[in-house]
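Reading through the structure tokens given below for one structure.
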Amino acid sequence: MKSRGLRCAWGALALCAMAPVAVAATTVSKVELSAPSTDSARMVLSLSAMPDRKVFAIEKTADKPDRIVIDLTGTRMASGLRLPHAVGPVRAVRSGTQPGKTLRLVIELTRPLNPVVSINGSQLTIDIGAVPAQFVAAPAPSPAPASASSPASPPAPVRAAHAPEDTGRDVIVAVDAGHGGDDPGASGANGTKEKDVVFAIALALAKRIDAEPGMRAYLTRRNDRKIELRERIGLASRAHADFFVSIHADAFKNRDVAGSSVYVLSERGASSEAARLLAEQENLKGGISKADNEDQLAAVLMDLSQGASKAASMEAAERMLSQLDRVGTVRKTKVQQAGFAVLKLPDIPSMLVETAYITNPGEEKKLRDPAHQAALAEAIFNGVREHLRTSPPDGTLFARQRARSGIAPIIAGSTGP
């Protein structure tokens, strides 16, 4: 007797066991590497099929350089395929096999740079550093206004211009650790610096995001350096971020004041005088003058008023407050609004989280505790994930999963069933 996939032995008893059926692995047939500049590079992988994947950056250690890691599940290199040589900021490319037949490609870098991933059919592209301008898609043209006789179209969900229709791509979350370098931010009585604790929280948050299927983190700063607010916005935009969260620690002259709060960009002034002063203070530290702030804010808010970005930001911020309430005290139970320059991303839902008051001795101590930093990161992560699963950007794995479940995405600011 012959049966496909069966291996039988006959004796006093008939014994038949399933033989393992070979499953074809995804094959990498070509690896191309180019460098449009000394600060950027592009790697293109040609695959027989698009596997589950994870792409992330690792900072240099005492014996290893900065590097970008590409893990491809159930994937192997084609026989005889050679990896490309060093070019631009790439000093070497190597490969290896991880448990579960995962192919790992490691790109060693001369400096810390972040990856931006895009998919086109069975091609996986990793842009390293600044994405060349010719590869960034222009925003889609605005639709023509509906005529009086045609039914009004439902509001569209927030969708970044780069988003493909349906590739199952990762949602990209820009994680912005406030301050850095010669801008320490606020300080606690025991010398704790805001820039250090928020960076630790940002790293924990990025790690948690990268561990979640369908999500990928992009850190605006990966070390202790000062980044101007305009540059933070530009980095998030060039990384094709779908969501932006900036992490800070608050301060006040009254050391008894404690608790966290969440801010979104305001269209019509700050929600309180304290919110206005905080935004002005952060903007000035970030290199934005009051005149610049007012001119830029007016231009950006015009864009925001025409889209769903602000509504999505508010909805996500409310979810974030609920999650932070599980970790500790919430200072302001309603989402606050102010003209933070770092939140001026017209097509990306954005928020600023004040994790705690570093000037409160009890909260300063907690902010130094890695366990509490991890708890804050988990709360922020849960808030972001909850929002993105409910209102997933087009073309993402979250959008595909929600479509398969038969549940329509919730459109921020819309009404109805």
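The values are calculated or read from the model by the stated rules, or taken from the named source; none is laboratory data. For clarity, every value in this text was computed on a predicted model and none was experimentally measured. Cβ atoms come from the backbone with ideal geometry, glycine included; neighbour counts cover every protein chain shown. All accessible areas refer to the heavy atoms of the entire protein, side chains included, with ligands and DNA or RNA removed. Shrake-Rupley method; radii C 1.70, N 1.55, O 1.52, S 1.80 Å.
Hey, does segment 57-68 have a residue that's at pLDDT 90 or above, touching a Ser or Thr at 6+ places or on another chain (Cβ under 6 Å) and surrounded by 16 or more Cβ atoms within 10 Å (Cβ to Cβ)?
no
So the check is Cβ under 9 Å with 6+ separation or different chains; which pairs have a first residue in segment 357-382 that's in contact (Cβ under 8 Å) with a residue 24 or more places away in the chain and under 21 Å from residue 255 (Cβ atoms) and a second one that's basic (Lys, Arg) and not in a helix (DSSP H, G or I)?
Listed pairs, sorted by first residue: 357/255; 357/331; 358/193; 359/253; 359/255; 360/255; 361/255.
Here are 232, 222, 268, 255: which of them is touching a strand residue (DSSP E or B) at 6+ places or on another chain (Cβ under 9 Å), modelled with pLDDT of 85 or more and open to solvent by 60 Å² or more (accessible area, probe 1.4 Å)?
Only one candidate qualifies: 255.
Run residue 52 past the list (1) modelled with pLDDT of 90 or more; (2) over 20 Å from residue 223 (Cβ atoms) and report the number of the one that doesn't hold.
Status for residue 52: all satisfied but (1).
Any chance segment 200-218 includes a residue that's open to solvent by 40 Å² or more (accessible area, probe 1.4 Å), in a strand (DSSP E or B) and touching a residue at least 24 places away in the same chain (Cβ under 8 Å)?
Scanning segment 200-218 turns up no residue that is open to solvent by 40 Å² or more (accessible area, probe 1.4 Å), in a strand (DSSP E or B) and touching a residue at least 24 places away in the same chain (Cβ under 8 Å).
It is to be established whether one or more residues within segment 208-224 are hydrophobic (A, V, I, L, M, F, W, C) and closer than 19 Å to residue 368 by Cα.
Checking segment 208-224: not a single residue is hydrophobic (A, V, I, L, M, F, W, C) and closer than 19 Å to residue 368 by Cα.
From 40, 48, grab the single residue that is touching a strand residue (DSSP E or B) at 6+ places or on another chain (Cβ under 8 Å), open to solvent by less than 40 Å² (accessible area, probe 1.4 Å) and hydroxyl-bearing (Ser, Thr, Tyr).
Only one candidate qualifies: 40.
If residue 30 meets every condition in (1) open to solvent by 70 Å² or more (accessible area, probe 1.4 Å); (2) under 21 Å from the mean Cα position of the chain (by Cα) apart from one, which number is that one?
Of (1) open to solvent by 70 Å² or more (accessible area, probe 1.4 Å); (2) under 21 Å from the mean Cα position of the chain (by Cα), only one is false for residue 30: (2).
Does segment 69-94 hold any residues that are closer than 21 Å to residue 170 by Cβ and crowded, with 19+ Cβ neighbours inside 10 Å, and which are they?
The answer is 70, 72, 75.
Restricting attention to segment 182-199, and to residues there that are open to solvent by 20 Å² or more (accessible area, probe 1.4 Å) and assigned to a loop (DSSP other than H, G, I, E, B), which single residue is farthest from residue 373 (Cα to Cα)?
182
Which condition does residue 3 not pass, out of (1) at pLDDT below 55; (2) open to solvent by less than 80 Å² (accessible area, probe 1.4 Å); (3) not in a loop (DSSP other than H, G, I, E, B), if it passes all the others?
(3)
How about segment 309-417: which helices (runs of 4 or more DSSP H) wholly inside it have at least 2 residues that are at pLDDT below 90, out of contact with any Asp or Glu (no Cβ under 7 Å at 6 or more places or on another chain) and aliphatic (A, V, I, L, M)?
309-324, 397-405
Name the residue, out of 371, 379, that is under 20 Å from residue 258 (Cα atoms) and open to solvent by 50 Å² or more (accessible area, probe 1.4 Å).
371 is the lone residue from the list that is under 20 Å from residue 258 (Cα atoms) and open to solvent by 50 Å² or more (accessible area, probe 1.4 Å).
Name the single residue that is farthest from residue 167 (Cα to Cα) among those in segment 386-400 being open to solvent by 10 Å² or more (accessible area, probe 1.4 Å) and among the polar types (S, T, N, Q).
Among them, the one singled out is 390.
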